[in-house]
Amino acid sequence: MRRLIKLGMVGSLIAVALQLQAAEMANLRNGFSLRHDHHESVGDTTRLYMSTDPAGSYVDVPTAEVESFEPAPPDPAETPLATSKATDKATDLKSIVSVASQQHQVDADFIASVIHAESANNPRAVSRKGAQGLMQLMPATAGKLGVKDSFDPADNVDGGVRYLRELLLLYNNDMVKALAAYNAGPQRVEQYKGVPPYAETRAYVARVITDYNRKKLAERRHQQASAHSTQAKAATKSATHDSAGDDE
């Protein structure tokens, strides 16, 4: 969550720059670096492309906020051992999200999208403001939720999902308002009668909703493909049976 960064998208995908393997690193004045493939100047904005595809997703950053560019170092996550460990962690996280989803009646894909936006699935993530863990809980919030160790994935996700459920109930399952409150606080949502006019919060809400919609679209396509496959097998079986009957 960076207030100075404006997320742009082409099509339906908004990418998280820090997760992608790329050719460059953009060093920003706020101390952060964004990993990307290549960049170009668009007026007073520098556009960071997330892949070699010119029609792909990008992140727009004010040019004045970019201190320098440098070649991106090799991504250790791409080594076979790291990839294997990442797969194990992803499996564990999926299980943790599934349990929290069932216990607190919050959509698992929605939880996963929030975690992805908050911490890029890093259980050791710490923000400049002190938010910790997968769902970036502030120490005071974690204490109120009974979270003993914010760096414990299961403990953090359970507390974060309970808080997310409270917000969803508060706003009658309005995901946009719940996300805005999760990011900026319920008092700000109340003050502005909706998403507050903060670039960080608006980008955050857009990022989560886009990722969530992408997950649901992929799930729907998978279900449709499975249904078509089942129908095709049934039709083939029926045709084979009819043919055998004719031979008799």
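At-a-glance table
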read-out: Residue-by-residue Karplus 3J(HN,Hα) for the stretch 38-50, coefficients 6.51, -1.76, 1.60, Hz, glycine and proline x; value: 7, 9, 8, 8, 10, x, 8, 10, 9, 9, 9, 8, 7
read-out: Long pairs among Lys177/Lys216; Lys94/Lys216; Lys144/Lys193; Lys94/Lys148; Lys148/Lys216, criterion Cα-Cα beyond 23 Å; value: Lys144/Lys193; Lys148/Lys216
read-out: Trypsin sites (Lys or Arg not before Pro) within the stretch 127-208, DSSP loop, no more than 13 other Cβ atoms inside 10 Å; value: Arg128, Lys129, Lys148, Lys193
read-out: Mean separation of Cα contacts under 8 Å, 6 or more apart, over the residue count of the stretch 77-207: relative contact order %; value: 15
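Coordinate-derived values only; no laboratory data. Please read all numbers here as calculations on a predicted model, not as lab measurements. In this analysis, Cβ positions are derived from the backbone assuming ideal geometry, glycine residues included, and neighbour counts consider all displayed protein chains.
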